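The values are calculated or read from the model by the stated rules, or taken from the named source; none is laboratory data. What you see is a predicted model, and the numbers here were worked out from it, not measured in a lab. FYI the Cβ positions are ideal-geometry reconstructions off the backbone, even for glycines, and counts take in every protein chain you see. What goes into the accessible areas is simple: the full protein's heavy atoms, side chains included, and nothing from ligands, DNA or RNA. Shrake-Rupley method; radii C 1.70, N 1.55, O 1.52, S 1.80 Å.
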Amino acid sequence: MTSPSGPSLTLSTGTGQNSFPQTGGWNMLDLSKLPVQATLGVLSRYSAARVNPYTALVGEVLCHNFQLTRKGRRNIEAVVNSLKVVGSLGDTLEFGFGIEDVVRSMAKSERGCVCLALCAALMDCYSEDMAVEVLIEMANLAKVEGQYMPSSGSWKELLRACAGTLSASKFPVVAEHFMQLNKEEQRLGAYRGLEGLPTAYRGCSSPKSIAKALLALSQISRNEMQSITLLGGVDVGWLAAIADWLLDLRTQIIQPDGEVFYTNYESSKIVQVQVIYMGTDGTATNSIQTVGKTYCLDDASKLFKEEGRPDAAVVSGRVAWKNLLGSTFLSDFKKLMGITHTFGELLGSAARLFKALALADKSIPETYRLACISYCDASYGSGFVTNTLRWFPELQALKEDMQKASSVDLATARRTYEACISAMRSYCDCRTCQSSTCHPEPDGDTEMTPTPDELQDDGNDPDSSAFGINSEDAESFNDWDPDRFCLVIMAETITSTSRALSSVVIENESLFPVRSGLELAYGRQLNQRRAATLGRRAIKEIGPIAFCLDFDNNFSFGTQQGNEEGVEVRLHNVLELFTGRRPPSINSNFSAICLNGLCAFLGILQEPNEDRNSVARIHVLAGRILFEKKSYQRLVDRVDRLDCLGVEANFSSALGIATSKEFYSKKCLSVRERSTGLECLVEIDICSAEGHSPVQVGPSHLAVLLASRRGLVSCKLTMERIKLPGKRCGTRHSATRRLGDLEEAMAAELQVNGKYFLALNCREADSAIAAIASAAYLDPKYSIYVVNRECIDCCLKAALAVDRLERSHFCFFVLPS
């Protein structure tokens, strides 16, 4: 551990030592008379992190009674040393915890270490409201009153600065493990709907009782008390994790029936912290022998609910991938795994349907192809199977069924998927499965959603009138059970989550998802089912696989122009999984978002790349967005980009870039701060034989174009993965029979049936990126398509099939193979 004399915020006591009197021997009035020592550099770090130095100093004063052991110091030192920071294109931005981050300054002193760890531990498992109130209660117990009490907003900024520090450590995993050691099956209640809490849910201790327990732990760490007993709900496991991981105290955890199921010390030694879980009825057996002073932690869940903020009562740690599904969905997941063949076939069929989307099968309308933004190999087909098993090892038993189902023809996959949904509904038979609102039947057979023979309507199907339901049924809230996880919704949650994770890169290898994050993903999937009547058209056209695409709860695709792209939806969903919190509403072109100490950003900020496995890549790591050593929570595209681009109102600029024989480009990020946060543009400085010309484009918008504008052309060459660039697939179309040489067709704009068609053969990846960027902000009548192996006949056919009058000009950017 770095010496306390290093660069940190310290009180000068006049003795040259950075120390405080013992408990009871000091008060805020005395401390307020002492001078504060800090360099300008240290103050700038607190300012860059938006932390009030006074609040940080008070927080450290509150923590000075905690005495760290060698193990505790080693744990914190390892955490701080492992904090990562990664750079953007040209290192204009950084993501993570910078070299001069305030958390590194706090770690210079022992009480700063404790304050850092305590704040980070609160934020990783409790809600922000709860964490603030715990600190306020600790300050009240220390007699920090009146003008010396920092405001709740100041406490909140301190907590946000420390958040994420422990997210990739063992602490949140240990805390969740301790909170799950209780034999009783409890849901978190992260998804509550409008109907209240589950019958059995994880409670939340009151802030005041937690503050008292923390003070008691500090006294034990200084040998002022020999032992204590903590009696309360399951979240006292968080206090047990503090005692075990941070303070290295001899800890014992006991179930309500008296069974000891965790201990970290030899039986010959005296226990220092005894933790006793009370049952759901709030009692424990009288046969348990308590030790030392007993602290009963009151449950505050009902109080939070009465105050209108039930989310504040959610307590959750992190869970390793190897047991994430079982830990989150409890016994209902075991029930789902009881039908491994059906579940495996459903996932494999979904993989085959995703493949049809990614490869632009002609039976799928263009709207859904635009929304299918996962074009990496791990998002469909056999890659999806491998990806699912990699993230969720608990599904290994399904591997064979998944592989078989993913290799069938498309028509079979459609029928199998719907049959599996029907079989799961019958097996589950929960309120959601019985609801015609959540499970509407297609209004007649369609090509995309054929009804399996065994599911033909015989007139007795209670769901057959799904689209004739009245308004009262549609608004009914009796279509889900807060005490059960629906098997169908679980399967769809796993499918959607795996697809979202297909393009995710976790920079911190030991960073695991939050249990409440997966429960929120389940709630989001349930909301889509409950809003199924709004997606009647989508369900009719492509079947129930629509619930696993990137729709929001209103069955809309994101917020991009035309509501067609879902890149930003994916960014939000991934961040929600790793933070257990709902990100800000989707209303901007985000390319990076930070929440509760974690940052998710698009890979295009590091290197614009046209590769199918990179275009929609999302990086996740602990930390925040850093610009000029200051921290920010959001990065959006520049709002005035159109004023500075100077793009010609046609494809001529793209044509010049794509056909240039001598080409060189230099890419960088242009970032500026505004009142709403950080704004960014990707600048591509182009030098060619024709001269020098800069191109600017928002990174989020460029990612959308590169991701959502491919996979729109149905062509046999692509479907069969034949590497024949510039060849025709053999399917001649009447509109193209009069076309001559392919090179001639790609050299000038063609006019066919009132539509203008241009194909640009981009010789290099850099020229492709620059050409697409130059056309990014053209009038909506100019449509961009990105292709690889698709032949010119099929490209033209795709353009002619568009029936929107405002889209008259089409440019197909042919990427290098």
- request: Using +1 at the Cβ of each Lys and Arg and -1 at the Cβ of each Asp and Glu in the stretch 251-354, identify which of GLY292, TYR265, TRP321 lies farthest towards the dipole's positive end.
  value: TRP321
message: I need the peptides 230-242, 498-510 ranked by packing, meaning the mean over residues of other C-beta atoms within 10 angstrom, with the highest value on top.
response: 230-242, 498-510
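Run the dipole for the stretch 89-202 about the Cα centre, Lys and Arg Cβ at +1, Asp and Glu Cβ at -1, nothing else charged, and hand back the magnitude in debye, nearest 20. The partial results should precede the final answer.
Numbers: 11 positive and 16 negative charges, 54 e Å.
The calculated dipole for the stretch 89-202 is roughly 260 debye.
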- request: Take the alpha-carbon centre of the stretch 206-272, take the same for the stretch 112-173, and report the distance between them in whole Å.
  value: 20
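By the gyration tensor of its Cα atoms, with a ≥ b ≥ c the square roots of the eigenvalues, what is the shape of the stretch 176-247: rounded for a/c under 1.5, prolate for a/b over b/c, or oblate? Before the final figure, lay out each step's value.
Working: a/c = 3.06, a/b = 2.23, b/c = 1.37.
Cα axes put the stretch 176-247 in the prolate bin.
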- request: Summarise the accessible area of the stretch 231-324 (1.4 Å probe, protein heavy atoms) by the percent that is carbon and sulfur.
  value: 47
task: Report the net charge of residues surrounding ASN264, where surrounding means a beta-carbon distance below 14 angstrom and charges are Lys +1, Arg +1, Asp -1, Glu -1.
output: +1
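Mind giving me the FRET efficiency for LEU40 and LYS293? R0 is 51 Å, r the Cβ-Cβ distance, nearest 0.05 is fine.
0.65
State the dimensionless ratio Rg/Rh of the stretch 752-803 (Rg: radius of gyration of Cα atoms; Rh: Kirkwood radius). It would help to have the intermediate numbers written out before the result.
Working: Rg = 11.9 Å, Rh = 12.3 Å.
Here Rg/Rh amounts to 0.96.
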Most to least packed among 573-579, 758-764, 67-73 [average Cβ atoms within 10 Å]: 573-579, 758-764, 67-73
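To the nearest 20 debye, what is the magnitude of the charge dipole of the stretch 294-391 about its Cα centre, counting +1 on the Cβ of each Lys and Arg and -1 on the Cβ of each Asp and Glu? Write out the running numbers ahead of the final one.
Values: 12 positive and 10 negative charges, 77 e Å.
Here the stretch 294-391 has a charge dipole of around 360 debye.
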statement: Carbon and sulfur atoms account, in whole percent of the 1.4 Å probe accessible area of the stretch 763-807, for 46
- prompt: Leaving out same-chain residues fewer than 8 places away, which lysines sit with a Cα under 23 Å from that of LYS208?
  reply: LYS143, LYS156, LYS293, LYS302, LYS305
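What translational D, rounded to a whole number of µm²/s, comes out for the stretch 30-187 from Stokes-Einstein when the hydrodynamic radius is the Kirkwood one over Cα pairs, at 37 °C and 0.692 mPa s?
On the way: Rh = 16.8 Å.
The Stokes-Einstein estimate is 195 µm²/s.
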- request: Would you pull out the residues with amide H under 5 Å of LEU230's amide H, same chain only if 5 or more places away, H placed 1.01 Å from N?
  value: GLN274, VAL275, ILE276, TYR295
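Subtracting the Cα-Cα distance from 0.36 nm times the residue separation, let me have the gained length for ASN264 to ASP481 in nm, one decimal.
Values: separation 217, 0.36 × 217 = 78.12 nm, distance 3.89 nm.
Here the segment from ASN264 to ASP481 would lengthen by 74.2 nm.
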task: May I ask you to derive the FRET efficiency for ASP257 and SER363 from their Cβ-Cβ distance with R0 = 60 Å, giving the value to the nearest 0.05?
output: 0.55
- request: Find how many whole Å separate the alpha carbon centroid of the stretch 336-360 from the alpha carbon centroid of the stretch 584-626.
  value: 28
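By how many nm would the segment from SER652 to ASN81 lengthen if fully extended, with 0.36 nm per residue of separation less the alpha-carbon distance? Working shown, then result.
Values: separation 571, 0.36 × 571 = 205.56 nm, distance 5.17 nm.
Full extension of this stretch gives 200.4 nm more.
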